[in-house]
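Working notes, structure below.
The values are calculated or read from the model by the stated rules, or taken from the named source; none is laboratory data. This structure is a prediction, so every number in the text was calculated from the model and none was measured. Note that each Cβ is placed from the backbone with ideal geometry, even for glycine, and that neighbours are counted across all protein chains shown.
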Ligand SMILES: [Zn+2]
């Protein structure tokens, strides 16, 4: 059973709690336990979402590259060996229409896989420096932490899509890709009133079929060119040291004057250790670059509503946010079980296991040292 998360049920549950101090509300909630006027069912976390029929119609007349649906090799995803016929970034580094860097002097600041219970720590810090970031959110986490999503939007961050289930997108059917993008878009729209334009494929797993579907739905894909590999810190990858993240940032900062381009980094707001690493290194980055959102550095409007790269004023009528509790603190929850990492360490390499990737990062770190 795929569609099991009923916001109506959630709201009813919240209503019951809120009604404990209100006789009137208690009467209402006890007599209306099956539906609300604004019913919206979302796919369950971990389940493969299916699209609404009207979403499938949106790509019917689009010219979608007829690339095969790739077979996944478990957690490693699809094979990245062999010839690249369809501009597969993970396989060859082919960018196609994807955004992958920022102009010289600019740095795109991005965080993936949130929101999480730790995201407010990051937001608190960014607020102290008036720094905005692009936040690629997992749909299942969006409906889990709606108030954190609302806060991110209200504080001027650029909300973007990171699919619903954090799957390898080249292994999904056209309809599954539609569902991954559109359900996440809808959840963010319900909470904030805006529809993100940008999406990032988990693991950087994207080819022209995925890009074309995204384009037909009004989205632009975003990769990265500077990977912190902070997810290995979050997962306690054997041998990985947080100092390596700092060392990479030191090198990236040193490149500011000599590099022909700016940068677009990949970080994660999934654990406190990854957020701590971001906080340690952002001040140095800000001194070397103009640190911006992806929309700002690429000149792409953040949302489908209007052409702004900053939040626009909207009237939100959300069935996710509890209307009487928008200012209430969000209760801590168990860490998301959603797989939280981008496994491609560099383009053209397989999604390495933690040990292999650690060795690769160690090697690249020393290579970097010798180059300086
Ligand atoms: Zn991710």
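How many residues does segment 82-99 hold that are part of a loop (DSSP other than H, G, I, E, B) and surrounded by fewer than 24 Cβ atoms within 10 Å (Cβ to Cβ)?
12
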Report task. Determine whether segment 174-182 contains at least one residue that is surrounded by fewer than 24 Cβ atoms within 10 Å (Cβ to Cβ) and touching a strand residue (DSSP E or B) at 6+ places or on another chain (Cβ under 7 Å). Result -> no
**Report entry** 1 or more residues away from the ligand (no atom under 16 Å from the Cβ) and surrounded by 16 or more Cβ atoms within 10 Å (Cβ to Cβ): qualifying helices (runs of 4 or more DSSP H) within segment 195-308
**Finding:** 208-216, 242-254, 272-288, 294-298
Report task. Tell me, yes or no, whether segment 100-112 has at least one residue that is more than 16 Å from the ligand (Cβ to nearest atom), over 30 Å from residue 255 (Cβ atoms) and either at pLDDT below 95 or surrounded by 14 or more Cβ atoms within 10 Å (Cβ to Cβ) (or both). Result -> no
Query raised in the report: Looking at segment 58-71, is at least one residue assigned to a strand (DSSP E or B), in contact with a helix residue (DSSP H, G or I) (Cβ under 7 Å, 6 or more places away or on another chain) and touching a residue at least 40 places away in the same chain (Cβ under 8 Å)?
Result: no
Query - residue 170 vs. criteria modelled with pLDDT of 95 or more and part of a loop (DSSP other than H, G, I, E, B) - result: no
Query raised in the report: Applying the selection to segment 153-167, what residues are more than 16 Å from the ligand (Cβ to nearest atom) and either at pLDDT below 95 or in a loop (DSSP other than H, G, I, E, B) (or both)?
Result: 155, 156, 157
Requested in this report: Quickly run through segment 121-149 and pick out the residues that are in contact with a helix residue (DSSP H, G or I) (Cβ under 7 Å, 6 or more places away or on another chain) and free of Cβ contacts under 8 Å to residues at least 40 places away in the same chain.
Outcome: 123
Query raised in the report: In segment 233-259, how many residues are touching a helix residue (DSSP H, G or I) at 6+ places or on another chain (Cβ under 7 Å) and without any contact (Cβ under 8 Å) to a residue 60 or more places away in the chain?
Result: 6
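From the residues in segment 133-147 that are more than 14 Å from the ligand (Cβ to nearest atom) and not in a helix (DSSP H, G or I), which one is nearest to residue 297 (Cα to Cα)?
Out of the qualifying residues, it is 133.
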Query raised in the report: For residue 171, all conditions in the list (1) within 16 Å of the ligand (Cβ to nearest atom); (2) closer than 15 Å to residue 43 by Cα; (3) surrounded by fewer than 24 Cβ atoms within 10 Å (Cβ to Cβ) hold save one; what is the number of the exception?
Result: (2)
**Report entry** Only one of 130, 185, 117, 190 that is more than 16 Å from the ligand (Cβ to nearest atom), farther than 30 Å from residue 257 by Cα and part of a loop (DSSP other than H, G, I, E, B)
**Finding:** 117
